[in-house]
Amino acid sequence: MIKFWKPFRVILSIVILLMVAFIFLDFRQNISSSWYQTITYLQFVPSVTRFLTVAGIVSAGFIVVLLLTLIFGRVYCSFICPLGIVQDVISFFAKKFRRKKFRFKYGKPKNMIRYSFLGIAIIPLLFGSVILTGLLDPYSNFGRIFTNLGRPLYISTNNLLAELLIRIKVYSMAPEQMASFDIPAVIYSVIILGVILVMASKWGRLYCNTVCPVGTFLGLLSRFSILKIRIDQSTCNKCAKCAIACKSQCINLKDQSVDFSRCVGCFNCLNACEDKSITYRLSFSKKDKEPLKVVEQAPEKKNPVNQSKRQFISDSLVLAGAMLGIKATARAEDKESKLIPIEKEFPCSPPGSVGLKHFNNSCTACHLCVSACPNGAIRPSLLQYGLEGFLQPFMDPSAGYCNFDCTVCGEVCPTGAILPLTIEEKQVTQIGIAKFVKHNCVVHTDGTLCGACSEHCPTKAVKMIPYKNELNIPEVEPELCVGCGACEHACPVRPHRAIYVDGLEVQQIAKKPEIKESKEGSLEEFPF
Amino acid sequence: MKRRDFIYKGIGAGVLTSVGFHSELLGSVLPGKTFGLASPYDMVAIRGGEAEVMFEKAIASLGGMKAFVKPNQTVVVKPNIGWDSVPEKAADTNPKLVARIVEHCLRAGAKEVYVFDNTCDNWQKCYANSGIEKAVKDAGGKIVTGKSESMYQEVELKNAKILKTTKVHELIMSCDVFINVPVLKHHHSTTVTAAMKNMMGVVWDRGYWHRNDLPQCIADFPTFRKPDLNILDAYKVMKKNGPRGVSVEDTITLKAQLISTDIVAIDAAAIKLFGAEPSSIAYMGKAVELGLGTMDLDSLNINRLTI
């Protein structure tokens, strides 16, 4: 029985990893978007955020995780957390490729670091801001890595195969257009992936016991778990096989104790022990003479990871500054062009996100909507929302526009930042309003007809009205506009478009287009 | 199309407009590519039936699809699949009509029949929701993406006035027979969209057209390659809010269809069907100037059919 836990964990975790990874990669929408919330249901931070915004059974996933932890310990970290499972995959391969025989050994808990990160994640949450929680959340980091790094790789592979097939006149596999890289999101993902790669290949699950706030939080809870890993001191011969197999480095052979607050529930130790001296059993069973000793340690004077964190923050600020600088130079160059630059007051948040405040306060920036949006209209932000919305997705009409008949982002959002809308609600949800800049329009500047904006408008909020020389020019009827951005996307004028969508601070209800029945026009005779 | 055919046709078109030749004569000069040999008609106009039924009857009066498609040829059928819309809204070509055309091409011996469009909305949604993807696959045709830039090749348009170069889908360059299957619709900027406007779906950068005198670019493009056959779907016609449409109420059920090899003539007739005057549509005059065809419908031999 005791040997059953590890294979069970390995199989289940691989299934969960593949499912969660696939929803971030699935650019052909093979999995129906209605499945997404089931797949992400148990993800801890999104579920907590969802509980804070909408509550109800849809957000009870984290309660299930809490109960699981109270029974089994931090099994979340080994069975459910995609970033945790990825680390297991990394250390599995790191072990294979290492020449020297690899062995883990006991390490002291880094309490100062882990509780600092926990504080960083929790304290802002109490004040309603989710941004730091989101930036540290393992699921959201997994999402960002897969959206910003994994997905481009996956699509490139698809495209390479498709191009090869096209060469031989087989058109069954279509290349997919790649979204442009979002540099800040890519950089952040690379940093997290780098940290994970190094830490996982050297120290197993050290990340989960230092940086990860979910791991630390569940660790506090797992002290009270019903089932725990225990060493039977009467039969243990201190062969150290369990400690060598322990990715969390939490088995202390000196006093034959297990720091269960750091144990991620991988059960490797159970299968490593030949004498069955290490067991997984009821924590209050009588057999257990030696009570669990939680190894505490005095705070370290110097804190290397905090240093690196500080470094990271300053790096990000430098980066943000550089970006602003680039933007500013771009603006300066534009002054030479005769076109008026677009100044948006607010970015558009996705439809169903109520308003900027609701969205910024509940989005963990996992980028699942970025991956799921069939039109590529949702992109990770830089400073569009300000610093408190760093990396949170926004609607970017230059990349794509919101499909009028689509409700996918609300269906998939695991945090409640984008609430699900019915198609009827969605079609009147106004996320922004189109603004026409006549000065930039080709009808005005070149005296030729165009109308690309009106052509794409799903509600005909952008319509063409008579202008000089029998030409028509666009006009916006703001009440009809839903802010989908199709007009801005289609506008051919560069570098500054002649029509753009300015976001709304609070999303509103647009007027429904009036529907007048056309006269039945059956043809009695040909008009020629 | 072979290079020689292309040159012949170009010369033929030039002669046609400058001397005022009747296109029947052109037909006899260019065997196999126009109706000339099999049929005395320049155009077939049919009304009163279902789209695919009208097509059966109309194509039969031109000697069947075998007059246009020879055994072992590759065919491109280019419908309008521009919008993520359902067939009832008639923003895209009637899927039953597209399927029937594909079947006829295959029956005439075509090696492959490809269908694509460079869509405006998300291409997979357009292909699926228009009903065209399934209809074409069921009919034995091959659906190809129009949304991959690597499949477009830069070409030079020597006779064009503004659109001197553009990137064209490789299938348009490599196919033997190019069949244009537009749907007749209202269009907010060009007033009407029909056969010539439908060609915007075989090039990569439509924005260039919009930036640089759209009507001239619409007229310029067919100087590169004219469709070998145009089949205009006017079964359901979007009368307002085009080309995307807001609701089903934007359409009327006209139950009509036109077939012609002359892209200008078919547009002239289509514009009249729509209820507008061909000379009032900006790209029509420009197309005639470029010698692409005629909009003088009285000079044509039109076979008018009713079901």
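The values are calculated or read from the model by the stated rules, or taken from the named source; none is laboratory data. The structure displayed is predicted, hence computed values, not measured ones. All Cβ positions, even for glycine, are placed from backbone atoms using ideal geometry, and neighbour counts span all protein chains on display.
Tell me yes or no: at least one residue of region B:243-262 is of a type in the set (D, E, K, R), closer than 30 Å to A:Leu480 by Cβ and either buried (at least 21 other Cβ atoms within 10 Å of the Cβ) or more than 9 Å from chain A (Cβ to nearest Cβ) (or both). Yes, some residue in region B:243-262 is of a type in the set (D, E, K, R), closer than 30 Å to A:Leu480 by Cβ and either buried (at least 21 other Cβ atoms within 10 Å of the Cβ) or more than 9 Å from chain A (Cβ to nearest Cβ) (or both).
Here B:Ala160 clears all of (1) under 18 Å from A:Thr448 (Cα atoms); (2) assigned to a helix (DSSP H, G or I); (3) away from chain A (no Cβ under 13 Å) except the condition numbered (2).
Total residues in region B:267-299 satisfying the condition of being away from chain A (no Cβ under 11 Å) and under 22 Å from B:Phe178 (Cα atoms): the figure is 9. Tell me yes or no: at least one residue of region A:125-132 is in contact with a helix residue (DSSP H, G or I) (Cβ under 6 Å, 6 or more places away or on another chain), more than 14 Å from every other protein chain (Cβ to nearest Cβ) and of a type in the set (Phe, Trp, Tyr). No, that holds for no residue. Check region B:235-244 and report whether any residue there is assigned to a helix (DSSP H, G or I), aromatic (Phe, Trp, Tyr) and on the phi < 0 side of the Ramachandran plot. So far as region B:235-244 goes, no, none of its residues is assigned to a helix (DSSP H, G or I), aromatic (Phe, Trp, Tyr) and on the phi < 0 side of the Ramachandran plot.
Does region B:138-155 contain any residue that is closer than 19 Å to B:Tyr283 by Cβ and assigned to a loop (DSSP other than H, G, I, E, B)? No, there is no match, as no residue in region B:138-155 is closer than 19 Å to B:Tyr283 by Cβ and assigned to a loop (DSSP other than H, G, I, E, B).
For region A:133-191, residues that are part of a loop (DSSP other than H, G, I, E, B) and of a type outside the set (Asp, Glu) total 13. Filtering B:Val136, B:Val115, B:Val102 for residues that are within 11 Å of chain A (Cβ to nearest Cβ), crowded, with 24+ Cβ neighbours inside 10 Å and on the phi < 0 side of the Ramachandran plot leaves a single hit, B:Val115. Of all residues in region B:223-234, those satisfying the criterion of being crowded, with 24+ Cβ neighbours inside 10 Å and not in a strand (DSSP E or B) are B:Lys226, B:Pro227. Would you call A:Gly84 within 24 Å of the chain's Cα centre (by Cα), at pLDDT below 95, under 25 Å from A:Phe146 (Cα atoms) and not basic (Lys, Arg)? The answer is no for A:Gly84. Take the conditions (1) at pLDDT below 95; (2) farther than 17 Å from A:Val211 by Cα; A:Leu132 misses just one of them, which is (2). How many residues does region B:85-144 hold that are of a type in the set (Lys, Arg) and over 19 Å from the mean Cα position of the chain (by Cα)? Qualifying residue count for the region: 6.
Restricting attention to region A:346-387, the residues that are of a type in the set (Lys, Arg) and surrounded by fewer than 20 Cβ atoms within 10 Å (Cβ to Cβ) total 1. Restricting the first member to region B:114-127 and to residues that are charged (D, E, K, R), and the second to residues that are at pLDDT 95 or above and assigned to a helix (DSSP H, G or I), the beta-carbon pairs closer than 6 Å and six or more apart or on different chains are B:Asp117/B:Gly201.
Could you please let me know if B:Ala58 is closer than 30 Å to B:Lys286 by Cβ, surrounded by fewer than 24 Cβ atoms within 10 Å (Cβ to Cβ), at pLDDT 95 or above and under 19 Å from the mean Cα position of the chain (by Cα)? It is true that B:Ala58 is closer than 30 Å to B:Lys286 by Cβ, surrounded by fewer than 24 Cβ atoms within 10 Å (Cβ to Cβ), at pLDDT 95 or above and under 19 Å from the mean Cα position of the chain (by Cα). Whether a residue is of a type in the set (Gly, Ala, Ser), closer than 26 Å to B:Val168 by Cβ and not in a loop (DSSP other than H, G, I, E, B) was assessed, and B:Ala99 passes this test.
For region A:405-428, the criterion of being touching a Ser or Thr at 6+ places or on another chain (Cβ under 8 Å), at positive phi, of a type outside the set (A, V, I, L, M) and without any contact (Cβ under 8 Å) to a residue 24 or more places away in the chain is met by no residue.
Total residues in region A:259-277 satisfying the condition of being without any contact (Cβ under 8 Å) to a residue 60 or more places away in the chain and buried (at least 24 other Cβ atoms within 10 Å of the Cβ): the figure is 1.
Here B:Val77 clears all of (1) surrounded by fewer than 24 Cβ atoms within 10 Å (Cβ to Cβ); (2) in a strand (DSSP E or B) except the condition numbered (1).
Exactly one residue out of A:Phe104, A:Phe51 is surrounded by 18 or more Cβ atoms within 10 Å (Cβ to Cβ), aromatic (Phe, Trp, Tyr) and in a loop (DSSP other than H, G, I, E, B): that is A:Phe104. Looking only at residues in region B:192-205 that are assigned to a helix (DSSP H, G or I) and either modelled with pLDDT under 95 or within 21 Å of B:Met43 (Cα to Cα) (or both), the one that is nearest to the chain's Cα centre (by Cα) is B:Ala195. Considering only region B:166-186, I want to know if a residue exists there that is facing chain A (nearest Cβ under 9 Å) and in contact with a Pro (Cβ under 8 Å, 6 or more places away or on another chain). Within region B:166-186, not a single residue is facing chain A (nearest Cβ under 9 Å) and in contact with a Pro (Cβ under 8 Å, 6 or more places away or on another chain). Of the candidates B:Trp204, B:Trp123, the single residue that is within 14 Å of chain A (Cβ to nearest Cβ), aromatic (Phe, Trp, Tyr), out of contact with any Leu (no Cβ under 8 Å at 6 or more places or on another chain) and surrounded by fewer than 22 Cβ atoms within 10 Å (Cβ to Cβ) is B:Trp204. Looking only at residues of region A:211-239 that are hydroxyl-bearing (Ser, Thr, Tyr) and crowded, with 23+ Cβ neighbours inside 10 Å, we find that the one that is nearest to A:Asn111 (Cα to Cα) is A:Thr216. Filtering region A:494-517 to residues that are part of a loop (DSSP other than H, G, I, E, B), of a type in the set (D, E, K, R) and away from chain B (no Cβ under 11 Å) leaves only A:Lys511. Checked against (1) buried (at least 24 other Cβ atoms within 10 Å of the Cβ); (2) at the interface with chain A (Cβ under 9 Å from one of its Cβ atoms); (3) of a type in the set (A, V, I, L, M, F, W, C), B:Ile302 meets all criteria but (1).
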